Amino acid sequence: MAGGFWAKNWFKVGITVVLLAIIASFAYKLYGQEQASAYLKDKPVGTAAPFELTDTEGKKVSSSDFDNKVKLVYFFFASCPDVCPITTNFLSKVQDEMKAQKVFADKADIVSISFDPARDTPAALKEYAIRNRADFTGWKFLTGTDEQAMAQLAKKYSIGVTKDNTGNFTHSNVILLVDKKGQIRTYYNPGRPDLDYKTMVKDIKTLSKE
């Protein structure tokens, strides 16, 4: 009897199993995406401080130039021997994914800010940016004129910066996600092995629709 049931209904059972597997797979992926971006539902971490700095062409750039766009903000210095080049290389992958998802430059920008103005002149930053495949239409490299003022700006973003006797800096190494209203929504730690640039771009897309 049982054999007769399977003989008559094997196709329907097979289709049902396949459909259930597809639904389960979709639900798992959706759950993972929601979990990855759950922090976006929290209150903003803080407000991004205003600034007026200089870009790689020597032109003045203000924080207001990024109004109504989502921003990834990263404080660094170009002669950093360890975390900065690794993080900047990671941001180049973020840039590529932003382009693939059609949010780069039009809806979101990457803003890399140097707190070492003495060495990171506009020309030096331009060379550094080119080495890291930066597309200047949506990835800005900015510098200031006063080291102390840059350290104070970084502090307003909760980034600690301390200069040592060798002229290098010890600093917090995080990437800030800032929404269109200038609210800091989260900090990404590029030192975490599970940080996925695709998840970051999904977060950018989510905020771009707010």
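Among the residues that make up segment 117-130, is at least one of them of a type outside the set (Gly, Ala, Ser), over 19 Å from the mean Cα position of the chain (by Cα), in the same structural domain as Gly182 (by TED's automatic domain parsing) and farther than 21 Å from Ser62 by Cβ? Yes; the residues of segment 117-130 include at least one that is of a type outside the set (Gly, Ala, Ser), over 19 Å from the mean Cα position of the chain (by Cα), in the same structural domain as Gly182 (by TED's automatic domain parsing) and farther than 21 Å from Ser62 by Cβ.
Assess whether Gly167 counts as being within 15 Å of Ser79 (Cα to Cα), part of a loop (DSSP other than H, G, I, E, B) and of a type outside the set (Val, Ile, Thr).
yes
For segment 169-193, a tally of residues being touching an Asp or Glu at 6+ places or on another chain (Cβ under 8 Å), within 22 Å of Lys69 (Cα to Cα), surrounded by fewer than 21 Cβ atoms within 10 Å (Cβ to Cβ) and of a type outside the set (D, E, K, R) returns 2. When Ser112 is tested against the conditions (1) part of a loop (DSSP other than H, G, I, E, B); (2) within 17 Å of Glu52 (Cα to Cα); (3) hydroxyl-bearing (Ser, Thr, Tyr), the lone failure is (1). Residues in segment 183-210 that are within 19 Å of Ser172 (Cα to Cα), among the aliphatic types (A, V, I, L, M) and more than 11 Å from the chain's Cα centre (by Cα): Ile184 alone.
Taking each residue of segment 75-89 that is surrounded by 23 or more Cβ atoms within 10 Å (Cβ to Cβ) and looking for partners that are β-branched (Val, Ile, Thr) and at pLDDT 95 or above with beta-carbon atoms closer than 8 Å, six or more apart or interchain, yields Phe75/Ile113; Phe75/Ile159; Phe75/Val161; Phe76/Thr87; Phe76/Thr88; Phe76/Ile113.
The values are calculated or read from the model by the stated rules, or taken from the named source; none is laboratory data. Remember, predicted model here, so these are calculated numbers, not experimental data. Because the Cβ atoms are built from the backbone with ideal geometry, glycine has one as well, and the counts that use them run over all protein chains shown.
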